[in-house]
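Reviewing the structure listed below.
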Amino acid sequence: MNKLTLSEALKEHSRTTHDAVDHLVMSMQPFANHDNYRKFLQTQFEFHSTVNPIYHNEKLAAQFEGLAELSRLERVKSDMKDLQVTAYGKDVEVPSYTDDEAIGWLYCVEGSNVGAAILYKEAGKIDLNDDFGAAHLAAHPDGRMPHWRSVKAKIDALPINDEQRQAAMKGADDAFAYFKRVVRKVYGVAE
Ligand code: HEM
C-alpha cells in the first residue's frame, strides 16, 4: 500500500478528535443568537492569535508560498469589531509548538476553513456574512475546496522525514485539544 500523503495522514489521524470538537462547538449553539456567536468569536480570536506566529515562521514560509496571506486573524478581529466583542482575555494559555509540530497546527486551522462552509451558512441565519460579523468564515476567493486542495498540496510538498511527520501528528492533536479547552473556557462549561 502506498504511504499516505502528509495531509491524508493528518486527516486520518485527526478524524475522531475532529468530530469531538465539531460536536462540542455545536453543543454550545454558537449560531443561536449574537451573544452565543460573540463567544465563538472570542474562541476564534484566541485560537487564531495562538497560531498566528506560524504564518510568520520564516523557515516554513520559505517552503510554503503565500503562507503569511493565509492568516485569518485580521478577519476575526474585523468580525469582533462589527459585533463589538473584546477578547475573552482571562486565563489565557499560550501553547508552544516546535517548527515540526507547527505543521499539524497549520493543518488544523486551515482545514477548519472547510467545515466553515456549514458554519457560514448557520451564521447567515442570524444575519452575519462576509461583510458583517462572519468574514473569517467566508470562502476563499478561489473557492473553498480549490483553496483547500492548494493548501494541502503545499503541506504535502514540505520536505519532512518520518520523525517530523510524527511531530506534525502531535501538533494536530495539540491544536484540536487546545481548541476544545478554549471553547470550554469561553463558554464556561466543565471538562
Ligand atoms: C464547529 C463545527 C464544525 C463542523 C460542523 C465541521 C465540519 C467539517 C466538515 C464537514 C469538514 C469536511 C470533511 C471532509 O471533507 O471530509 C471539515 C473538515 C475539517 N475541519 Fe471541521 N468542522 C467544525 C469545526 C472544526 C474546528 C473547530 C476545527 C479546528 C480547530 C476543524 C478542523 C477541520 C479540519 C482540519 C478539516 C479538514 C479535514 C481534511 O480534509 O483533512 N473543524 N470540518
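Using the average count of surrounding beta-carbon atoms within 10 Å as a protection proxy, the listed peptides 75-81, 162-168, 105-111 rank, highest first, as 105-111, 75-81, 162-168. Applied to region 183-189, the Karplus parametrisation 6.51 cos²θ - 1.76 cosθ + 1.60 on θ = phi - 60° returns per-residue 3J(HN,Hα) values of 4, 4, 5, 5, 7, x, 10 Hz, with x for Gly and Pro.
The value obtained for the chain, namely the Cα convex hull volume divided by the number of residues, is 118 Å³ per residue. Full extension of the chain between residue 16 and residue 181 yields a length gain of 57.8 nm, computed as 0.36 nm times the residue separation minus the alpha carbon distance.
Rounded to the nearest whole Hz, the Karplus-based 3J(HN,Hα) values (6.51 cos²θ - 1.76 cosθ + 1.60, θ = phi - 60°) of region 3-14 follow the sequence 5, 5, 5, 4, 5, 5, 5, 5, 5, 4, 5, 9, with x at glycine and proline.
Fully extending the segment from residue 23 to residue 62, taken as 0.36 nm per residue of separation minus the present Cα-Cα distance, adds 10.4 nm. Quick one: if you stick a label point 7 Å off each Cα along the C-beta vector at residue 163 and residue 83, how many nm between them? Those two pseudo-labels are separated by 4.4 nm.
Averaged over residues, the count of other Cβ atoms within 10 Å places the peptides 14-23, 95-104 in the sequence 95-104, 14-23, highest first. The label point for residue 126 and the one for residue 153, both projected 7 Å from the Cα toward the Cβ, are 3.7 nm apart. At full extension, residue 92 and residue 74 could sit 4.6 nm farther apart than now, given 0.36 nm per residue minus the alpha carbon distance. Applying a DSSP loop filter and a limit of 13 other Cβ atoms within 10 Å to the GluC sites (Glu not before Pro) in region 1-76 leaves 65. Taken as Cα centroids, region 1-42 and region 135-179 sit 13 Å apart, rounded to the nearest whole angstrom. Annotated for region 88-191: lysine pairs at least 8 residues apart or interchain, Cα distance under 21 Å, count 5.
Each value in this text was obtained by applying a stated rule to the coordinates, not by laboratory testing. All values derive from a computational prediction rather than experimental measurement. Note that we place each Cβ from the backbone using ideal geometry, even for glycine, and neighbour counts take in every protein chain shown.
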